[in-house]
Amino acid sequence: MRCIERLRRIFYDRTGITFDHKRHFFAIKILGFMQAKGIDTCDELIERIDSGSLLDELTQELVVSQSYFFREEQDFAFLLHDIRSRPTFGLKILSIPCASGEEPYTLAMFLLKSGIANFSILGVDINRAAIAKAQRGVYDRRTVKRVPQEYRDTFFEPCSEGYAIKGVVKDCVDFRTKNLFAKDFEELGRFDYIFCRNLFIYLDANFKERALQTFWRMLDCEGVLITSFSDYFAKAPGFDTIVYQNKHYYKKRCDEKGCMYTQWWNG
Ligand SMILES: C[S@@+](CC[C@H](N)C(=O)[O-])C[C@H]1O[C@@H](n2cnc3c(N)ncnc32)[C@H](O)[C@@H]1O
């Protein structure tokens, strides 16, 4: 197999992201990356990916960490509706992938503004640079422009680079660099809500199913998976589909004792 194809396979096996229809783009990015790193051969690149952290940096080159505040807003209305429909204390929310923090910070601001205080959010992304930016919580003026004024006034403070997220919001959010398909991913814990938006589009059927199973195991009983509009799952075993304002959400199904089925349903 040509080396570039081997690399494509390695990248797919680790991240679930296929470049089947973007082979040319993949090859150009790889060549640029090798040049920037002073790597002469594709074999050497594979060796360095296997032995160290280069996969991380390569992912930053290949996958766009683009996000924005208040993206797909109808999900926040659903979240509030669902939170208010059941007794919950100490809500735990996972935002994966969280890119540079816009999604988890939006969630935190939205919940605080809605009078919900007892919650924690974990933002996770494979892109280390994006996570570093999220942890800093500083955004340029153009990025913050789409934040509604009332939120901007309450939760941001102007700084030389634009706006900084205030401590009251930062205190609600933690960040981790992690690959969703890493063996130890589930050690991040259990959650009431998992936001996974604008990632499934990059994955093939096999990895979509792996991700669904992982989220199912990481959700607490009756926890909800929130995905993008385009990620409709006709078959989501172990979940009940809820339709709210024309959008589908996936609630973890529990047995009559109020607990989860112990096994992933294979049917
Ligand atoms: C388009 S952004 C989506 C961010 C946010 N959820 C949103 O909807 O705005 C896609 C992100 O997926 C991340 N990503 C891709 N594969 C991943 C993986 N296997 N594990 C964790 N993050 C991944 C990328 O680094 C990128 O930041």
Look through segment 109-129, keep the residues that are crowded, with 17+ Cβ neighbours inside 10 Å and within 19 Å of N198 (Cβ to Cβ), and return whichever of them is farthest from the ligand (Cβ to nearest atom).
F110
Checking D13 against (1) within 12 Å of the ligand (Cβ to nearest atom); (2) in a helix (DSSP H, G or I); (3) buried (at least 16 other Cβ atoms within 10 Å of the Cβ), which test does it fail?
(3)
How many of the residues making up segment 218-236 are surrounded by 14 or more Cβ atoms within 10 Å (Cβ to Cβ) and over 12 Å from the mean Cα position of the chain (by Cα)?
10
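Per-residue answers, yes or no, for (1) of a type in the set (A, V, I, L, M); (2) away from the ligand (no atom under 12 Å from the Cβ):
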site	(1), (2)
V144	yes, yes
E150	no, yes
F156	no, yes
G167	no, yes
R190	no, yes
N198	no, no
F207	no, no
R210	no, no
Quick one: count up the residues across segment 105-116 that are within 12 Å of F76 (Cβ to Cβ) and of a type outside the set (A, V, I, L, M).
4
Filtered residues of segment 181-233 (kept if assigned to a helix (DSSP H, G or I), within 18 Å of D75 (Cβ to Cβ) and in contact (Cβ under 8 Å) with a residue 40 or more places away in the chain)
A211
Looking only at segment 170-187, decide whether some residue is surrounded by 14 or more Cβ atoms within 10 Å (Cβ to Cβ), closer than 22 Å to S100 by Cβ and more than 15 Å from the chain's Cα centre (by Cα).
yes
Complete set of residues in segment 65-89 that are part of a helix (DSSP H, G or I) and within 12 Å of the ligand (Cβ to nearest atom)
D75
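Look at A99 and say whether it is within 16 Å of I194 (Cα to Cα) and in contact (Cβ under 8 Å) with a residue 60 or more places away in the chain.
Spelling it out, it is not the case that A99 is within 16 Å of I194 (Cα to Cα) and in contact (Cβ under 8 Å) with a residue 60 or more places away in the chain.
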Filter segment 135-163 for residues that are among the charged types (D, E, K, R), surrounded by fewer than 16 Cβ atoms within 10 Å (Cβ to Cβ) and more than 23 Å from the chain's Cα centre (by Cα) and give the result.
R141, E150, D153, E157, E161
Selected residue (only one of D40, D56 is free of Cβ contacts under 8 Å to residues at least 12 places away in the same chain and outside the structural domain of L180 (by TED's automatic domain parsing)):
D40
Checking I46 against (1) modelled with pLDDT under 95; (2) surrounded by 15 or more Cβ atoms within 10 Å (Cβ to Cβ); (3) assigned by TED's automatic domain parsing to the domain that holds A132: exactly one of these is not met. Which one?
(3)
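The values are calculated or read from the model by the stated rules, or taken from the named source; none is laboratory data. Predicted model, so just to flag it, every value in this text is computed and none were measured. When we count neighbours, we look across all protein chains shown, and the Cβ atoms used for this are built from the backbone with ideal geometry, even at glycine.
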